[in-house]
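One structure is given here, and the rest of the page talks about it.
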Amino acid sequence: MTTIQDRPLPGLLPGLSVAYGRPHRDGAVLDLFTSWARRTPDAPALIDGGLTLSYAELDRLADGIAGQLAGRVRPGDLVGLCLDHSAALVAATVAVARIGAVHLPLGPRPGERRLRAVAEQLRPACLIGDPALLPPAHRDGRHHPVTAPGATGIVAAFAESADGAGADGAEAVRAPRGTQYTVLTSGSTGLPKAVAVGQTALGALLTWYRELTGLGPGDRHSLLIGVSFDPHLMELWAGLTSGAALCVAPEAVRWDPAALTDWWRTAGITVGVLPTPLAEPVLDRPWPADLPLRHLTVGGDRLRRTPGPDVTATVHNAYGPAEATVTTTVHSMAPGVEHGAGAPPIGRPVPGAIVLVADENGRPLPRGEAGELRIGGQGLAIGYLDAGLTAERFVSAPDDLDGTDRVYRTGDRVLMRADGVLEFLGRLDDQVKVSGVRIEPAEVEAALERDPRVRRAAVIARPAPVGGAQLLAFAQPVTEGGPVDGAELLAAVRPWLPEQAVPGVLRLVDGFPLDANGKIDRAALLKAEEAEIQQGAERSAGSGADGAATPTERTLLRICAGLLGRSDLDPSDNFLDAGGTSVTAARLLAALEEEFGVRLKAPVLLRQPDLRAVARLVDERRPGAAAG
């Protein structure tokens, strides 16, 4: 029997990397919440510690906030919520939908500069949050107190004048008709991109999610995902449109796997969503007994491990960009089953989604060949709130592709197996050139994680001191098995990678900083590394290079530190092991000739066991100079 996923495509050969989700079912969003408020008014809708709001109470609270916004916020206007998980956040979300405005989730601490840029770029009609954290135009504008249990000092702040224009007379940005919410994604220019997602797309997603998890009255769904991260909208509305109770996660559980699973038990969580970096340590631990959790959806980053046979919940590895309404594909792993080692695939398309793996010209590739994932179908966002950006990323579908007239270019590199299942390989735009060779950081991470001593790795490309790019690796060792040596890890990874892909620096870390969306904060890692380099340079300037016994050794260490971007070099370090490449070796030879008048050949340099031996060789060959 031919399934819809494998049906022949008009004008396209069979065996191509194209897959269809089954036909989708439309679903309401706000109307479903209102329906539950009438059908089960006394059922719990929101639980936040000792606070419980029934569906009727939440409905009345949302009505009150909607009344404060009415008359000043029109359908299609953006309303930014600068709030953390709370009754005020959930009620304001419902209120914004009730008046037909567009929800813009920003989180409690979006950052002063980022929030000011958003306010200047998008000119939201209203921002709801702590006035002290709002940008000047809203901080100094008209305020209406927002009354909600547990909320103090929260206001609805308006910056526009009476005629609806901004404080400087410019019109506020309005979302396209039918937009349910707008979320911000990173932009290559440094300014965030605003993605407009339609009511029908969100409604179809929620229908699928409720069917996937069986979510309904009596269930308790976690409210944990960072507010500015688009899966937050799925978990929030999934609870409110199913008759289930939303349970606000305490702050401590977002970073502590043991506290998280304890909370699942005490709060009675039956369905939940986790960002990948938090899910992995949970899956690494023995699964606690007697957890009520039935379904756990994981997403936001590449999942590097499968659940063990002791896990009693079905784990769904979900993939999807914000531009395709949270989730595009899913791979479900049933409990009590051995799912093999390594990273699980990202699976098959959800209902209404169409996926294809395309070449550089946008044509589908044969199955088994890697290319760019492009997404079409019901789940596509309306676009960005910028026509130019929309035209760049939302492009025409191949002429012979049935069921969609446009596709979103994800920039993700994937492979579709013969059975139609997608495997995630990394980002296309994360590729960097190291010594003229294109390198995928995700490939280096995967190579490091092959080592059983490594729990998780993150690889960052930074500008090299000599130009081009340098790879910087951070590895979190497993806790068992004794101490781990970074040099040994680099030696073990070399056989898996071309020379240019071996990181120049490897740092061992106890854990990784996470951003507000629960992803590894690579910017924070890089900032900490740069601070360490600066401190090392200051120490060296004050006391001389550690361990350097001769002036030549000290000069050599200074040159190598500049070439390799290292502050921790020692005369006993090997140049290649410390991150040297053919390009930096050439630069070192030139620097030695300029500094000492000694011309060495690369093979001679690279045969030396350590930098002390290189310094000794330079001293031996210096014209008219005594050794030492």
ask   = Ordered by packing density, taken as the mean number of other Cβ atoms within 10 Å over each peptide's residues, highest first, how do 111-120, 349-358, 174-183 rank?
value = 349-358, 174-183, 111-120
remark   = Any trypsin sites (Lys or Arg not before Pro) in segment 185-285 that lie in a DSSP loop and have at most 14 other Cβ atoms within 10 Å would be none
inquiry  = Kirkwood hydrodynamic radius, segment 571-620, all distinct C-alpha pairs: what's the number in Å?
reply    = 10.8
request  = Calculate one ³J(HN,Hα) per residue across segment 439-455 by plugging θ = phi - 60° into the Karplus curve 6.51 cos²θ - 1.76 cosθ + 1.60, and present them in order as whole Hz with x for glycine and proline.
outcome  = 10, 9, x, 4, 5, 5, 4, 4, 5, 5, 6, 5, 6, x, 7, 10, 7
Convex hull of Cα atoms in the chain, direction-averaged projection (nm²) = 32.1
note = Expressed to one decimal in nm², the mean projection of the alpha carbon convex hull of segment 274-331 is 4.0
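Any idea what the relative contact order of the chain is, in percent, if you count C-alpha pairs under 8 Å spaced at least 6 apart?
On the way: 1292 pairs, mean separation 63.8, N = 628.
Rounded, it is 10 percent for the chain.
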query = Roughly speaking, to the nearest percent, how much of segment 35-169's 1.4 Å accessible area is carbon and sulfur?
reply = 50
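What is the antiparallel percent of DSSP beta bridges lying wholly in the chain, to the nearest 5? Display every interim value, and only then the final one.
Numbers: 66 of 96 bridges.
Restricted to the chain, the bridges split so that about 70 percent are antiparallel.
What does the charge dipole of the chain about its Cα centre add up to, to the nearest 20 debye, if the Cβ of each Lys and Arg holds +1 and the Cβ of each Asp and Glu holds -1?
Value, rounded to 20: 500 debye.
Find the eigenvalues of the gyration tensor of the Cα atoms of segment 375-445, then list the square roots of 5 times those eigenvalues as equivalent ellipsoid semi-axes, largest first, in whole angstrom. If you can, show how the numbers build up before the last one.
Working: eigenvalues 142, 69, 21 Å².
Whole-Å semi-axes of the equivalent ellipsoid: 27, 19, 10.
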key: Computed over segment 115-155: relative contact order in percent, which uses C-alpha pairs under 8 Å that are six or more apart   = 37
message = I'd like the per residue volume of the convex hull spanned by the Cα atoms of segment 311-407, given in cubic angstrom.
response = 125
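For the pair S396 and R109, what calculated FRET efficiency results from E = 1/(1 + (r/R0)^6), where r is the Cβ-Cβ distance and R0 = 45 Å, to the nearest 0.05? Walk me through the numbers before you get to the answer.
Numbers: r = 40 Å, r/R0 = 0.89.
Plugging the Cβ-Cβ distance into 1/(1 + (r/R0)^6) gives 0.65.
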query = Over segment 266-334, what is the relative contact order in whole percent, taking alpha-carbon pairs under 8 Å and six or more residues apart?
reply = 28
ask   = Say a paramagnetic label sat at a point 7 Å from the Cα of V478, along Cα to Cβ; which residues of segment 303-324 have their backbone N under 15 Å from it?
value = 305-306, 308
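Stretched out fully, how many nm does the piece from A613 to E530 gain, at 0.36 nm a residue minus the Cα gap? Could the numbers behind the result be given before it?
On the way: separation 83, 0.36 × 83 = 29.88 nm, distance 2.86 nm.
Contour length minus Cα-Cα distance gives 27.0 nm.
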query = How far is it, in nm, from the label point at E369 to the one at R142 when both lie 7 Å from their Cα along the line to the Cβ?
reply = 6.1
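How many Å² of accessible area per residue for the chain, probe 1.4 Å?
On the way: 26420 Å² over 628 residues.
Here the per-residue accessible area is 42 Å².
Multiplying the sequence separation of A132 and D310 by 0.36 nm and subtracting their Cα-Cα distance, what value in nm do you get? Walk me through the intermediate numbers first.
Numbers: separation 178, 0.36 × 178 = 64.08 nm, distance 4.78 nm.
Gain on stretching A132 to D310: 59.3 nm.
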request  = Evaluate the Debye formula for segment 369-500 with equal point scatterers sitting on the alpha carbons, no solvent, and hand back log10 of I(q)/I(0) at q = 0.15, 0.18 Å⁻¹, in q order, two decimals.
outcome  = -0.89, -1.05
request  = With a 1.4 Å probe and every protein chain kept in, tell me what percent of the accessible surface of segment 247-398 is carbon plus sulfur.
outcome  = 53
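Quick check on the chain: helices-only [θ] at 222 nm, where DSSP H runs of length 4 and up contribute -39,500 (n - 2.57) each and the sum goes over total residues. Nearest 500, please.
That calculation yields -9000 deg cm²/dmol at 222 nm.
The values are calculated or read from the model by the stated rules, or taken from the named source; none is laboratory data. Since the model is a prediction, treat every value here as computed from it, not as a measurement. A quick note on method: Cβ atoms are made from the backbone with ideal geometry, for glycine too, and the neighbour counts reach across all protein chains shown. Heavy atoms of the whole protein, side chains included, go into the accessibility calculation; ligands, DNA and RNA do not. Shrake-Rupley method; radii C 1.70, N 1.55, O 1.52, S 1.80 Å.
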